[in-house]
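J.: Have a look at the structure that comes next, please.
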Amino acid sequence: MLRERLRKIRERIKQACERAGRDEQSVTLIAVSKTFPMSSVLEAYQAGIRHFGENRVQELNEKSKSLPGVLNDGDIYWHMIGHAQRNKAKDIASNADMMHSLDSVRLASELNKRASGLREKIPCMIQVNVSGESSKFGLQPQEVDGFLEEIQNFEHIDAIGLMTLAAPAKNPEDIRPQFTLLRALRDELGGKYGSIKNLSMGMSGDFEVAIEEGATHVRVGSLLFGSRH
């Protein structure tokens with residue numbers, strides 16, 4: 001079943017890329033395995049998936065012990081995609097191949113400190129709140145430039161792009177402007193900070209629109225693994 005769901009998702013990614021005039025290899029599919037058991041992760045791995053996303057640091061730690069990421073000499077990538085407190089920085093530095101939810105200088109400083117001696121760089125996406133929802137984490141769009149200015153001297157932080165969580169919507173077209181805004185911000189900042197190239201945006205319900213708007217990483221969970229309980 002999972003293999004068939006994966007096949008359909010990859011076909012939809014391919015079609016979205018064709019509509020946007022993009023190479024499908026420019027889009028990384030991240031299987032969001034939060035709350036799903038390790039057996040589901042292994043099934044996805046056997047089906048060919050090599051990128052997994054977790055929202056909780058503790059769950060990432062536990063699963064990465066069974067299936068290590070590239071950082072720990074494995075052959076997959078673990079993406080930390082959820083909000084994290086500073087007291088989890090050491091675990092992130094030890095087990096996450098990429099961080100998608102960096103949203104404060106204090107967290108960046110702690111990650112930078114904890115990474116020293118463990119790794120050269122932590123690739124990070126800066127989380128941006130493009131929906132304007134007070135319930136969402138992330139920097140306001142107008143804050144991102146100043147934030148990047150502040151963290152650019154952290155030697156173990158590699159800011160490689162921007163991430164967002166769009167507002168819930170029945171029709172993905174309703175949130176296209178949010179993805180367009182993040183892409184425009186990436187394009188604007190990319191000229192000043194050459195490493196800002198990636199866009200982590202789009203989930204099970206809206207990843208095709210996100211790809212059409214330039215997403216390089218899409219985070220798909222329930223559409224791949226099934227409903228969460």
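Values in this text are rule-based calculations from the coordinates and carry no lab data. Treat the numbers as computed from the prediction; the structure is a model and nothing was measured. Note that we place each Cβ from the backbone using ideal geometry, even for glycine, and neighbour counts take in every protein chain shown.
J.: Report, to two decimal places, the Cα Rg of the chain normalised by 2.2 N^0.38 Å (N = number of residues).
T.: This ratio for the chain stands at 0.96.
J.: What's the ranking of 122-128, 1-7 by average number of surrounding C-beta atoms within 10 Å, highest first?
T.: My ranking of the peptides, most packed first, is 122-128, 1-7.
J.: Within segment 1-32, which residues have the backbone N less than 12 Å from the label spot 7 Å out from Ala47 along Cα→beta-carbon, could you tell me?
T.: Within reach of a label on Ala47: 1-11, 31-32.
J.: Quickly work out the Glu149-to-Tyr193 label distance, labels modelled 7 Å from Cα along the C-beta direction, and quote it in nm with one decimal.
T.: 1.2
J.: Oh, and also: With viscosity set to 1.567 mPa s and temperature to 4 °C, compute the Stokes-Einstein D of segment 81-152, Rh being the Kirkwood radius across alpha carbon pairs; µm²/s, no decimals.
T.: So the translational diffusion coefficient is about 103 µm²/s.
J.: Another question, if that's okay. Give Lys34/Lys63; Lys63/Lys113; Lys88/Lys121; Lys121/Lys197; Lys65/Lys90; Lys34/Lys90 a once-over and call out the pairs whose C-alpha atoms are over 22 Å from each other.
T.: Check vs 22 Å cut-off fails for Lys63/Lys113.
J.: So if R0 is 30 Å, what FRET efficiency would Ser40 and Glu133 give, r being the distance between their Cβ atoms, rounded to the nearest 0.05? Don't jump to the answer; show the numbers that get you there.
T.: Working: r = 30 Å, r/R0 = 0.99.
Result of the calculation: an efficiency of 0.50.
J.: Continuing with the same structure: About the Cα centre of the chain, how large is the charge dipole given +1 on each Lys and Arg Cβ and -1 on each Asp and Glu Cβ? Please answer in debye to the nearest 20.
T.: 600
J.: For Arg228 and Lys121 in the same chain, what is the full-extension length gain: residue separation times 0.36 nm, less their Cα-Cα distance, in nm?
T.: Residue separation times 0.36 nm, minus the Cα-Cα distance, leaves 35.2 nm.
J.: Could you calculate the contour length gain from Asp174 to Lys113, that is, 0.36 nm times the residue separation minus the distance between their Cα atoms, to one decimal place in nm?
T.: Net length gain for the segment: 17.9 nm.
J.: Would you please put 149-162, 75-88 in order of how densely packed they are, using the mean number of other Cβ atoms within 10 angstrom per residue and starting with the highest? Write out the running numbers ahead of the final one.
T.: Values: 149-162: 17.4, 75-88: 19.6.
Those peptides, ordered most packed to least, come out 75-88, 149-162.
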